[in-house]
Amino acid sequence: MAKKLCGTNYPLSICFIVVNEFCERFSYYGMKAVLTLYFLSYLKWDKDLSTAVYHAFSGLCYFTPILGALIADSWLGKFKTIIYLSIVYVIGHVIKSVGAIPTVGNKDVHIALSMLGLILIAFGTGGIKPCVAAFGGDQFDEDSMKERQKFFSIFYMSINAGSLLSTVITPVLRGDVKCFGEDCYALAFGVPAALMMVALAVFIFGSSLYKKNPPQGNILLQVCNCIGFAIKNRWNSSKSAPKRTHWLDWAEDKYSVRKPSSRMIPENVNCKFLETLNPFIVFFSQQKRLIEEIRMVLRVLVLYIPLPMFWALFDQQGSRWTLQATRMNLAFGESFTIKPDQMQMLNALMILLFVPIFDLIIYPLVSLCRINIRPLRKMATGMIFAALAFGAATLVEVNVVKTVVEPAPAGKCLLQVYNLAGRDISVKVPDNDVFPDPIKDLQDLPNYETLLLEASSKVLGIAVTLSGKESVCEQTFEEQKAYSLIIYNTNSGIKCKMVEDYIKKNEDGNPNIRFFNTRPEPVNLTVGREQFYVPSDYSMTPNKSVDRGEYPSVNCSARPETCDSLNLGLLDFGASYTFILLQESGTIVAKRMEDVEANNVHIAWQIPQYVLLTAGEVMFSITGLEFSYSQAPTNMKSVLQAGWLLTVAFGNVIVLIVAEGAGLEQWKEFLLFAGLLLGVCVIFSIMAYFYTNNDPEQLDKIFLEDSRWDEDEDDNMKKKNEEIQLNKAGKSTRL
């Protein structure tokens with residue numbers, strides 16, 4: 001008898017299963033939370049490729065559960081499948097973490113290790129996904145149904161708790177801990193790897209307590225074989241073959257043999273022959289039922305066809321929405337800032353809040369209004385909420401992009417001017433009507449100007465007028481680049497210096513800064529954790545990323561002038577700054593120029609889209625699972641579960657295709673997804689209107705009566721055989 005937990009009716013073994021699930025979900029969601037930014041900032045991929053690979057990985061994680069179910073049910077059993085695939089899972093995590101160490105090989109090695117690690121993780125997490133919950137359910141006896149239901153609630157809570165904590169913690173490990181001079185992705189991946197090791201160890205530690213059922217065959221294989229036979233039989237049938245009312249009826253030649261009645265048994269058939277025949281009779285009865293159950297399942301699976309579009313929107317929380325967050329203001333007051341990849345935790349947090357709110361408040365209130373809230377209506381409403389979430393994301397994106405400097409198209413480049421000449425200047429660029437007004441001394445121009453080159457590169461003679469005297473500066477410009485032209489005055493006249501600018505906002509939201517030294521002596525600066533050496537004589541440092549915050553006193557060393565500290569002010573999210581180091585009254589001062597505007601849309605504006613999407617998830621996902629369970633025959637529930645997981649996988653494939661193929665601006669892409677989901681919602685609503693509910697209990701009753709009829713027939717056969725045997729005995733006596 002299984003050991004019980006503290007005098008309750010709960011098996012002690014479920015403690016190990018729940019802890020295992022918590023640690024596994026922490027490892028998966030923790031790794032996934034920082035994955036998009038890892039692709040962007042560490043592997044230096046662009047946003048579209050990062051999004052595509054992210055969703056390719058997510059899709060693979062939902063294709064592989066079918067493989068895990070086949071292995072568990074047909075070969076190894078649930079326990080061994082969880083053990084072996086968890087080992088694969090751990091190996092994948094370790095390889096992924098090693099690939100994030102900068103000193104291990106070059107970029108190609110990092111990419112190869114990362115992809116190999118992700119593939120192994122996908123097979124590990126997907127393979128154990130259908131096994132762990134079912135294995136937990138196996139630990140309960142048939143008389144512990146209430147305890148089993150509560151176990152699944154606890155199990156679901158452990159999933160959300162692991163997801164919530166990991167999406168809060170791993171972004172902190174990534175951003176706040178520095179290793180090898182940059183964000184510590186090795187640690188952000190290493191901690192989830194350690195948690196997966198703990199999950200495996202805990203699961204193994206409880207092995208002596210588990211109830212381990214042997215593999216009993218996979219119903220999914222039987223379904224596929226039956227459908228395959230029906231299609232093959234229909235294809236190979238002659239034109240003269242009788243028509244069937246349903247294409248699955250073509251499987252009846254193999255899967256629908258009636259059990260023979262007593263009237264069909266010849267008198268000379270003995271009892272031993274009937275006993276030999278009985279297992280085959282039972283088998284054929286089961287096969288007939290299989291066809292009827294597949295009919296029910298296929299009707300539900302047809303209803304699943306539009307569902308991937310919902311998941312295409314839902315799973316973009318970790319990709320497109322995270323990228324949107326990197327271009328927003330992440331500060332809550334003076335002392336607290338949130339990481340862009342931490343916003344995903346809102347979904348897990350609000351799920352925990354919304355499930356009881358919907359069940360205890362919203363659904364009862366709607367029922368009081370005499371509105372019939374059938375499951376399919378809830379799912380359609382969930383789709384609408386998800387579309388509204390992307391409508392909200394579109395509005396946010398339209399305002400977010402206002403602070404972004406768009407790269408110049410082919411045949412053009414971007415230019416801004418710094419006037420360090422001490423007086424107003426006029427700037428004229430050949431064949432371009434730019435800088436129409438005089439530029440004041442140390443004026444911070446609001447925007448870049450676009451120059452027409454009509455070639456991949458071009459030399460332009462820029463005319464600079466100072467106090468009525470014109471000078472020409474010849475500079476070489478290349479298309480699709482951004483430049484700063486620095487104009488300063490020397491004893492010999494006007495001089496020009498042009499530097500290339502970095503106009504992209506940082507993937508983690510932090511500001512970029514650089515320094516331009518007008519002095520004859522170099523300067524050393526320390527800004528946060530970054531060191532700057534600024535050469536003398538009108539030299540510019542490269543851009544470096546620093547943490548967002550106030551910098552009222554930056555360490556500075558230079559000679560012979562005094563340079564104890566510099567006040568840089570607030571370096572805000574998403575901005576790029578150039579600080580001009582000037583000498584004033586024997587001290588060094590820093591004049592700030594804002595090359596790229598700071599993010600001015602607050603991250604709180606993402607909350608409405610998360611609220612809408614989570615509300616949609618509650619109505620769509622949870623209701624969909626309940627509906628599928630109610631519509632599935634008893635031994636077909638795993639088949640519908642596999643179909644449900646495939647809708648998630650195909651949803652990620654849709655995002656992959658759009659991200660790589662559409663080439664739309666981000667706000668237009670959001671609007672496209674919202675429109676597509678609304679269109680799919682209309683189609684789904686029409687399909688739902690004509691859908692009639694399955695009644696698995698009625699099917700059970702029919703076959704129960706059929707089995708009782710078969711038992712009566714068995715009794716008749718036995719009586720008839722006894723009469724035959726008695727007649728034979730009588731004949732032998734007379735002889």
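Within region 492-499, identify whether any single residue is outside any strand (DSSP E or B), modelled with pLDDT of 90 or more and within 19 Å of residue 545 (Cα to Cα), and answer yes or no. Step through it out loud before you land on a result.
So in region 492-499, the residues outside any strand (DSSP E or B) come out as 492.
Retained after the next criterion (residues that are modelled with pLDDT of 90 or more): none.
No, that holds for no residue.
Farther than 25 Å from residue 343 by Cα, hydrophobic (A, V, I, L, M, F, W, C), touching a residue at least 40 places away in the same chain (Cβ under 8 Å) and open to solvent by 30 Å² or more (accessible area, probe 1.4 Å): which single residue out of 566, 646, 640, 581 fits that description? Outline the logic, then answer.
Working: 566 fails: open to solvent by 30 Å² or more (accessible area, probe 1.4 Å); 640 fails: open to solvent by 30 Å² or more (accessible area, probe 1.4 Å); 581 fails: open to solvent by 30 Å² or more (accessible area, probe 1.4 Å).
The conditions single out 646.
Can you find a residue that is open to solvent by less than 50 Å² (accessible area, probe 1.4 Å) and among the charged types (D, E, K, R) anywhere in region 206-216? Lay out the reasoning, then the answer.
Taking region 206-216 first, the residues open to solvent by less than 50 Å² (accessible area, probe 1.4 Å) are 206-207, 209-210.
Cutting the leftovers down to among the charged types (D, E, K, R) gives us none.
No: region 206-216 contains no residue that is open to solvent by less than 50 Å² (accessible area, probe 1.4 Å) and among the charged types (D, E, K, R).
This table checks each residue for (1) more than 32 Å from the chain's Cα centre (by Cα); (2) β-branched (Val, Ile, Thr); (3) loosely packed, with under 15 Cβ neighbours inside 10 Å; (4) modelled with pLDDT of 90 or more.
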residue	(1), (2), (3), (4)
382	no, no, no, yes
388	no, no, no, yes
418	yes, no, no, yes
431	yes, no, yes, no
457	yes, no, yes, yes
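Looking at region 315-345 only, could you name the residues that are open to solvent by 10 Å² or more (accessible area, probe 1.4 Å) and under 14 Å from the mean Cα position of the chain (by Cα)?
315, 317, 342, 344, 345
Those residues that are among the polar types (S, T, N, Q), modelled with pLDDT under 90 and open to solvent by 30 Å² or more (accessible area, probe 1.4 Å), I need them from region 585-631; list them, please.
Looking only at region 585-631, we keep the residues that are among the polar types (S, T, N, Q), and these are 585, 587, 599-600, 606, 609, 614, 621, 623, 628, 630-631.
After this cut, where a residue has to be modelled with pLDDT under 90 as well, the list is 585, 587, 621, 623, 628, 630-631.
Passing the criteria: 585, 587, 630.
Identify, please: which residue in region 97-124 is assigned to a loop (DSSP other than H, G, I, E, B), touching a residue at least 12 places away in the same chain (Cβ under 8 Å) and over 13 Å from residue 31 (Cα atoms) and is, among those, nearest to the chain's Cα centre (by Cα)?
Filtering region 97-124 for residues assigned to a loop (DSSP other than H, G, I, E, B) gives 100-106.
Next, only the ones that are touching a residue at least 12 places away in the same chain (Cβ under 8 Å) stay: 100-103.
Next, only the ones that are over 13 Å from residue 31 (Cα atoms) stay: 101-103.
Working: 101: 24, 102: 25, 103: 29 Å.
Ranking the candidates gives 101 first.
Considering only region 15-52, state which residues are surrounded by fewer than 23 Cβ atoms within 10 Å (Cβ to Cβ) and of a type in the set (A, V, I, L, M).
18, 19, 40, 43, 49, 52
Looking at 574, 509 in this structure, which one is touching a Leu at 6+ places or on another chain (Cβ under 6 Å) and either assigned to a strand (DSSP E or B) or closer than 30 Å to residue 330 by Cβ (or both)? It would help to see each step written out before you state the result.
Working: 574 fails: touching a Leu at 6+ places or on another chain (Cβ under 6 Å).
Within the list 574, 509, the selection yields 509.
Determine if region 168-185 includes at least one residue that is free of Cβ contacts under 8 Å to residues at least 60 places away in the same chain and in contact with a strand residue (DSSP E or B) (Cβ under 7 Å, 6 or more places away or on another chain).
Yes: region 168-185 contains one or more residues that are free of Cβ contacts under 8 Å to residues at least 60 places away in the same chain and in contact with a strand residue (DSSP E or B) (Cβ under 7 Å, 6 or more places away or on another chain).
Please work out if residue 442 is surrounded by 12 or more Cβ atoms within 10 Å (Cβ to Cβ) and at negative phi.
On the way: surrounded by 12 or more Cβ atoms within 10 Å (Cβ to Cβ): yes; at negative phi: no.
No, not satisfied.
Considering (1) out of contact with any Cys (no Cβ under 7 Å at 6 or more places or on another chain); (2) modelled with pLDDT under 95; (3) among the β-branched types (Val, Ile, Thr), say which one residue 82 fails and leave the rest.
Unmet for residue 82, out of (1) out of contact with any Cys (no Cβ under 7 Å at 6 or more places or on another chain); (2) modelled with pLDDT under 95; (3) among the β-branched types (Val, Ile, Thr): (1).
If I ask for residues that are of a type outside the set (Ser, Thr, Tyr), more than 30 Å from residue 659 (Cβ to Cβ) and part of a helix (DSSP H, G or I), which ones from region 52-89 would you list?
We begin by selecting, within region 52-89, every residue of a type outside the set (Ser, Thr, Tyr); these are 52-53, 55-57, 59-61, 63, 65-73, 75-80, 82-83, 85, 87-88.
Filter again for more than 30 Å from residue 659 (Cβ to Cβ), leaving 70-73, 75-80, 82-83, 87.
70, 71, 72, 73, 75, 76, 78, 79, 80, 82, 83, 87, listed by residue number.
Give the residue that is surrounded by the fewest Cβ atoms within 10 Å (Cβ to Cβ), with candidates limited to residues of region 471-503 that are farther than 18 Å from residue 459 by Cβ and without any contact (Cβ under 8 Å) to a residue 60 or more places away in the chain.
Among residues in region 471-503 that are farther than 18 Å from residue 459 by Cβ and without any contact (Cβ under 8 Å) to a residue 60 or more places away in the chain, the one surrounded by the fewest Cβ atoms within 10 Å (Cβ to Cβ) is 491.
Are there helices (runs of 4 or more DSSP H) fully within region 297-413 with at least 3 residues that are touching a helix residue (DSSP H, G or I) at 6+ places or on another chain (Cβ under 7 Å)? List them.
Working: elements: 308-314, 320-325, 345-357, 363-368, 375-400.
Per the criteria, 308-314, 320-325, 345-357, 375-400.
Could you run through region 518-530 and say how many residues are in contact with a Leu (Cβ under 8 Å, 6 or more places away or on another chain), over 30 Å from residue 600 (Cβ atoms) and outside any loop (DSSP other than H, G, I, E, B)?
Residues that pass the stated criteria total 1.
The values are calculated or read from the model by the stated rules, or taken from the named source; none is laboratory data. As the structure is a computational prediction, the values presented were derived from the model and not from experiment. Positions of Cβ are backbone-derived with ideal geometry, glycine not excepted, and every protein chain shown enters the neighbour counts. Note: areas computed on protein heavy atoms with side chains; ligands, DNA, RNA excluded. Shrake-Rupley method; radii C 1.70, N 1.55, O 1.52, S 1.80 Å.
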